[in-house]
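Okay, so here's the structure we're looking at.
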Amino acid sequence: MVTAPTTTSLPDGATILVTGGSRGIGAAIASQLAADGWQVAVGYRAGEAAAQAVVESITAAGGHALAVPGDVAAPGAAAGLLAAAAELGPVLGLVNNAGITDDALTLMLSDDAWDDVIATNLSAAFRLTRAALRPMVKARFGRIVSIASVVGPFANPGQANYAAAKAGLIGMTRTIAAEVAQRGITLNAVAPGLITSDMTADLPPEAVGRVPMRRAGTPAEVAAAVSFLASPAASYVTGSTLFVDGGMAA
Ligand code: NDP
C-alpha cells in the first residue's frame, strides 16, 4: 500500500504567505498562524501601515513575520510575493485570502467589474498556487488554503462575478488537491458566510436574518478553521471546503 508522507510538526522555518494579511480576515489568519508556529509573510496591496502593525503585533508576541507588498492581480506578482516571503524561510504554506467585491445585478454588471473581481479573487490565487507548489513538491510538505465564500455554491443576487470567482476557487482547489495528493501537499477551501470586516461594513443589520445563528462571524472564527487546515494535524484532509458561516450552508 502507498502511504503519503505525514509529519506531526511544521518543518523548520516553515513560512506561509497570507495574501491580504493587512486587515480583516487576513490579519486574523496571519496572527493565528504565527501563534501556531508558522513564520508569516503578511501580503498587502495599499495598506502598508496596517500590514506593518500586524507584523509588529506578531513580533511582540514572539513570532516571526514580514510585510510583503504587491497587487496580486498584477502580472508577475506571484513570483515577486513568493520571493519576498522566502526571505523569512522556505515557503511551505499559502493562504489565498486577498479579495474584493464589485457588486451589481447582472444587467448592470460591467466588463471591468467582472474582470477585476475574477482577476483578484481567482486568477491571482491560481498563479500563486502554481508558483508555490514547486518548493512544496521538493519539500514533500505543503499547505494551501483558499478563502472562498458561501456565495460560491449558493446564490446571492448582485454578486455574479464574485460568486463565479469563489465557485472557481473551490473547483480549482479540488482538482489541484487531487493532482498533488501523493506529495504531502494539501489544498482546501474555507467558505465564510457573513463576517465582520471592512468588506461587510455597509451591509444593513438585517443581513444577519439570513444566518441561522443570527449573528455575523468574526475574523478569528475564520482564522481558527484556516489554522486547522494549515496544520500538520490536517494531513488527511484535502480537496475539502469547510464552511464557517453560522449555518448558512446547512
Ligand atoms: P477586507 O476588504 O477587509 O480586506 C481585503 C484584504 O485583501 C486587504 O488586506 C487588502 O489589502 C487585500 N487586497 C485586496 N485586493 C488586493 C490586491 N489586488 N492585491 C493584494 N491584496 C489585495 O476583506 P475581508 O477580510 O472581509 O475578506 C478577506 C477574504 O474573505 C476575501 O477573499 C473575501 O472575499 C473573503 N470573504 C469575506 C467575507 C466577509 O463576510 N467579510 C465572507 C466570505 C468570504 P489592502 O488593504 O492593502 O488593500
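Quick one: which of ALA83, ALA155, ALA124 is in contact (Cβ under 8 Å) with a residue 40 or more places away in the chain, over 22 Å from VAL237 (Cα atoms) and within 16 Å of the ligand (Cβ to nearest atom)?
Step by step, each of ALA83, ALA155, ALA124 is checked, and only ALA124 is in contact (Cβ under 8 Å) with a residue 40 or more places away in the chain, over 22 Å from VAL237 (Cα atoms) and within 16 Å of the ligand (Cβ to nearest atom).
Would you check if there is a residue in region 62-71 being on the phi > 0 side of the Ramachandran plot, crowded, with 18+ Cβ neighbours inside 10 Å and part of a loop (DSSP other than H, G, I, E, B)?
Checking region 62-71: at least one residue is on the phi > 0 side of the Ramachandran plot, crowded, with 18+ Cβ neighbours inside 10 Å and part of a loop (DSSP other than H, G, I, E, B).
How about region 87-113: which of its residues are surrounded by 15 or more Cβ atoms within 10 Å (Cβ to Cβ) and more than 16 Å from the ligand (Cβ to nearest atom)?
The answer is LEU88, GLY89, PRO90, VAL91, LEU92, GLY93, LEU109.
Among what's in region 190-223 and is more than 8 Å from the ligand (Cβ to nearest atom), assigned to a loop (DSSP other than H, G, I, E, B) and more than 20 Å from ASP102 (Cβ to Cβ), pick the residue that is nearest to the chain's Cα centre (by Cα).
Per the stated criteria, the residue is THR218.
What is the one condition in (1) under 15 Å from THR238 (Cβ atoms); (2) surrounded by fewer than 20 Cβ atoms within 10 Å (Cβ to Cβ) that THR186 does not satisfy?
Tallying (1) under 15 Å from THR238 (Cβ atoms); (2) surrounded by fewer than 20 Cβ atoms within 10 Å (Cβ to Cβ), THR186 fails exactly one: (2).
Could you identify the single residue in ARG174, ARG143 that is on the phi < 0 side of the Ramachandran plot, assigned to a strand (DSSP E or B) and either of a type in the set (Lys, Arg) or surrounded by fewer than 20 Cβ atoms within 10 Å (Cβ to Cβ) (or both)?
Within the list ARG174, ARG143, the selection yields ARG143.
No value in this document is a laboratory result; all are computed from the given coordinates. From a predicted model like this one, the values you see are computed outputs, not experimental measurements. No Cβ is skipped: glycine too gets one built from the backbone with ideal geometry, and neighbour counts run over all protein chains shown.
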